[in-house]
Structures are given as structure tokens and as C-alpha cells.
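The values are calculated or read from the model by the stated rules, or taken from the named source; none is laboratory data. No experiment lies behind these values; they were computed from the predicted model shown. Cβ atoms come from the backbone with ideal geometry, glycine included; neighbour counts cover every protein chain shown.
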Amino acid sequence: MFKNEEMEINLGPQHPSTHGVLRVKLRLDGETVTHCRPMIGYLHRGVEKICENQSFFQGQVWTDRMDYCSAVANNLGWAEANEKLLGITVPRRAQYIRTLLNEFNRIASHLIWLGTHAMDIGALTVFLYAFREREDVLDINEAFCGSRLTTTAFRIGGLREDLPPGFEKMVRKFLAKFSDCLEEYEALLTENRIWKKRTIGVARLSAEDAIALGVTGPMLRAAGVAYDIRKAFPYAAYAEMDFEIPTRTEADTYARYQVRMAEMRQSARIIQQCMDGMPEGPVMAKLPKILRSEVNEVYHATESPKGEIGYYLVGEKGSLNPYRFHVRAPGFINLQSLPKMAEGGLIADVVAAIGSLDIVLGEIDR
Amino acid sequence: MNKFLRTLLPADIAKGLSVTGKHFRQVFFTANRRKVPFHIVSEYPEVPAKVQPRFRGRLTMLKDEQGVIKCVCCLACEKICPTQVITIEKGKQEGRKMPYPVRYDFEMERCIFCEFCVESCGFDAIILNHQFELAAYNREDFSLGTEGLGQNMFEPSHVGKFSVADD
């Protein structure tokens, strides 16, 4: 009487529960997902090719627009990769300010993840709480570099300007209240019965699979691998900072939530240390009038809120613009673990899996 | 069985309502909402939004005290612009040693507000003002110049009447 047949459906391209324009091709047996393939490319702008035709200085504006939720982290990677290529040393004060802003950006990115991920699963309230604090972080961005989202925060060789007056007061005010705010979010979620049912044991990705697929960031740390580029290959001022790498071993969506919450606490700790130990001095290195590359090839990886963001630049000696530019986007690499997590699970858990990836399609499609 | 009975208890609902009550109390007992300092929401169109001093708004040209355009056509802004929105035409003006911009065209629809042009300018001839409401009905309204029918480069745009006026 009933035909037993697999059904193929599209989740997206513009499903309200998916971030950006992602299309996931699913084959369903009843409610169980048997086959899952993410389709990307709807936001492709050719950032890599555009940057090859522009000078080293101009390229930074495109890194803002890759992962627009963590623009500062992208700027930092770009600036440091270029400094490596051009052979520039950055003053210590600039390094500290970069670290400070990068950690603020991590908090903002994790807050937007927390809000949207909880909203996808069904807890709408957290969204409003998380965006309240994100607003403060964006105000700090605006006070420092004049823009809230597409920051263009750093310059090759340091910073454009020193910290504005009143900046320290803003940061201290934020730090004073932030740990209370985190407790507020956790009060809404950590022991919430629905939240636990929707996340515990959902979308498992074991450490072996994660490493085999090249997954980095909180996804990998939730599987028990304490790999953080801030510790493994310190950049900016992270070598002087005292912080921990939070890890969990459950490797499910709930573990990723716990890791990200713990990371926000560590970020607040790093900001505190940056603010207390801020050295005096210049914020910009002495640069030649025209930037020309010193070495031929450079790969520089930094820890963005989503994972390892690496910039690969090939610049022939003496050239004005990169000959080849490539971004190792964390979201792009992390997304390929989606079939592994979703196949065999329920269709409702696909949304939880996509949410726990913390993807931004601007970065995946580039 | 025990687990099932627990789901029937309205403890979670009571917990949720207590949070709602807490926030309701904060608003309810302070009837005049504008006086409440911890309000996150601002009444934006009626009350102009505040922006930070470094805010990057629309590109504006400056004149010095005598009302003379400061720009000397060094073309630094034109060269550094990542989206090529600035076009300058050099010219001569009587009684002025430095070159004079006959045309200074700014295509706002492609501008990404990165402030590279202001940074490159060695004569402080341009700034980004504090205007952020830049929507317009016609495409021509986004083409700004030193003169002509459209908006010009010296005044803030007409449309942004709720945003902060540049001072």
C-alpha cells in the first residue's frame, strides 16, 4: 500500500534556519537523513582574484567582507601575512591593541553564533540577550576604527591611529559586566531541558574524523584535541598572555556550546591582561613609501573564531601586488564535515549541525 | 515514570516567567523611558543616533577659511581607492598656484567607506562625515560632484535628516 522510497529535498538556498545562502541536498528515508551534500557558491565574489589585482595595502578591505562576523580576525591574519611577506616588524603596543581587538571580535563572533544557533534550535530569547552585549563590542569597534562590521581595523605595519580617548573606560565597563552576562546566557541554556535534548549526542564528530577532514577551531576542541594556533604558533601578543584552551571530549553540539562559552571567558581574561599590561610607544612601524614584497612566498595562519584562517601569498620579489593569493577559510573546511555529522541522524538535527559549525557563507564562497 | 511526572510540573514555566517579570519590573517602574539610562533600545528616528567621533560616513570635501577648495589634485585618493569611485580632473584657476579640481566625481553607490582616501590625503582636503542615512530614490543621486544638479561634495546629503549632522 505504501511505497517505500527515498525522498530528495533541498534545505535552502534560503531556508530561514540556515545562515547565509547555503543549499543542502538531503536524501531522506522517512525522517532519517541518508545522504547529505552541501552546495555552496551562491555568494562567490572572487575575492582572491580581486586581491591579486590590487596593491598590498588595498587588499585588506576584501578580508572584511569574507567573514563579516569576525572581520577583525580576518584583518589580523591579512596584516600579519603581509608583514611576513614584506619583512616588517610591528611595534609592541600595536601588537597588544591587535590582540585586544581580536579577542573582542572573538566574543562578538561567538555571541552571534550563540544567538543564531539557539534561535535555530528554538530558544529565541538568547538571541536578544546575546545581541545586547554584541552591541557593546560593536561600539568598541566603532570607537576604535570608525566602523562596526567591516572594520578595516589594522594597517600593514601596525595601526592607523592609537586608541581613542575614553576607550579604556568602555573596555573596563564591558569587562565588569560581561561575566554576569555569560552567566545569564548559561542560566537560559545549560540546564534547559529542551536545549539539552536538542544538543546532547547530536551531530557527533569524533577527533579522528575531525582531524582527517581538517576541521579546526571550537569544532576540533569539542572533540578533545587541544589545538589552538594562539598557543601552538603564537602570533601578535599571544605569547605573553596567560589563557587556557577549553576542551571537551563529547564531540557533540552541546560540547561545542560549552567550548565556545568557555572561550568567551578566556577572551575576557586576555582582554583584561591586554588592558593592564598595555605598553607605551608608537603604533606604526616605519614603512617604505611603496610596499614591495621581500620574499617569494608566505603562509600565515591565525586562529579566527571559526578556526584556522590561513593566508597564502605569493609575491615575486619587488612586486607591488600579490601574484597569487589564497585563503584557507575555516568555514569552508569545517563545512565538509557536515555529511559526516548529518548522515544517519534526523532532519531536524541537520539544522543543529549547521548551527554548531558556526559558518558564515561570505567566507565559504569568498 | 519519574521523568514523565517531572515534565508535568510547571517549574520551568515559573522560572521563565520570573525572568520576564524581572525585566518587566525594570521597565514598568520607570515610566518615562527616555530617562532610563540602561535602556538598550533607542527611539531612533525621533532621537538622532549617536555615533563615535571616528565614524566613517560619506566623503566630503573641505574648504579653507577663505572658502577655497583645499584639494590640489595630487590624485592620491584616486589611486588608493580599492573600488575606484573617485575621478579627478585637473585644471587651472586664476590666482592659484596649485592645481584646481575642475571635476571631483564621487560614485557613492560603489563606495565601501574604508577611509583609505582620507588617510592618503596629505592636505587634509577630504574627510568622511558622520552621515549614515544615505539611501536615495534615483541612481543619479549617488553621483556626487563639486557642482551640478545632484548633491555636492561640500554639504551633507539631504536624505539623512535623522543622522548626526556633521560639525
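The condition (being loosely packed, with under 14 Cβ neighbours inside 10 Å and either in contact with a Lys or Arg (Cβ under 8 Å, 6 or more places away or on another chain) or touching a residue at least 12 places away in the same chain (Cβ under 8 Å) (or both)) is satisfied by just one residue among A:LEU205, A:LEU149, A:LEU163, A:LEU175: A:LEU149.
In summary, A:ILE333 fulfils each of the numbered conditions (1) crowded, with 20+ Cβ neighbours inside 10 Å; (2) part of a strand (DSSP E or B) with the single exception of condition (2).
Residue-by-condition table, conditions (1) within 14 Å of chain B (Cβ to nearest Cβ); (2) part of a helix (DSSP H, G or I); (3) in contact (Cβ under 8 Å) with a residue 60 or more places away in the chain:
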{"site": "A:VAL61", "(1), (2), (3)": "yes, yes, yes"}
{"site": "A:LEU85", "(1), (2), (3)": "no, yes, yes"}
{"site": "A:ILE88", "(1), (2), (3)": "no, no, yes"}
{"site": "A:TYR96", "(1), (2), (3)": "no, yes, yes"}
{"site": "A:ARG106", "(1), (2), (3)": "no, yes, yes"}
{"site": "A:HIS110", "(1), (2), (3)": "no, yes, yes"}
{"site": "A:ALA118", "(1), (2), (3)": "no, yes, yes"}
{"site": "A:VAL126", "(1), (2), (3)": "yes, yes, yes"}
{"site": "A:ARG132", "(1), (2), (3)": "yes, yes, no"}
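Residue-by-condition table, conditions (1) part of a helix (DSSP H, G or I); (2) within 14 Å of chain A (Cβ to nearest Cβ); (3) hydroxyl-bearing (Ser, Thr, Tyr); (4) touching a residue at least 24 places away in the same chain (Cβ under 8 Å):
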site	(1), (2), (3), (4)
B:THR83	no, yes, yes, yes
B:GLU89	no, no, no, no
B:LYS97	no, no, no, no
B:PRO101	no, no, no, yes
B:TYR104	no, no, yes, yes
B:GLU109	yes, no, no, yes
B:CYS114	no, yes, no, yes
B:CYS117	yes, yes, no, yes
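What residue, of A:VAL24, A:VAL47, is within 16 Å of A:GLY355 (Cα to Cα) and surrounded by 15 or more Cβ atoms within 10 Å (Cβ to Cβ)? Testing whether each residue is within 16 Å of A:GLY355 (Cα to Cα) and surrounded by 15 or more Cβ atoms within 10 Å (Cβ to Cβ) leaves just A:VAL24.
With respect to A:ILE245, is the statement that it is under 30 Å from A:PRO91 (Cβ atoms) and either touching a helix residue (DSSP H, G or I) at 6+ places or on another chain (Cβ under 7 Å) or free of Cβ contacts under 8 Å to residues at least 12 places away in the same chain (or both) true?
Yes, satisfied.
Any chance the range A:149-161 includes a residue that's facing chain B (nearest Cβ under 9 Å), at positive phi and modelled with pLDDT of 85 or more? So far as the range A:149-161 goes, yes, one or more of its residues are facing chain B (nearest Cβ under 9 Å), at positive phi and modelled with pLDDT of 85 or more. Within the range B:81-104, being surrounded by fewer than 18 Cβ atoms within 10 Å (Cβ to Cβ), of a type outside the set (Ser, Thr, Tyr) and in contact with a strand residue (DSSP E or B) (Cβ under 9 Å, 6 or more places away or on another chain) holds for B:GLN84, B:GLU89, B:LYS90, B:GLY91, B:LYS92, B:GLN93, B:PRO99, B:VAL102, B:ARG103. For the range A:64-80, the criterion of being closer than 22 Å to A:GLY362 by Cα, within 14 Å of chain B (Cβ to nearest Cβ) and acidic (Asp, Glu) is satisfied by at least one residue. The sole residue among A:ARG134, A:ARG98 that is surrounded by 24 or more Cβ atoms within 10 Å (Cβ to Cβ), under 17 Å from the mean Cα position of the chain (by Cα) and under 26 Å from A:MET241 (Cα atoms) is A:ARG98.
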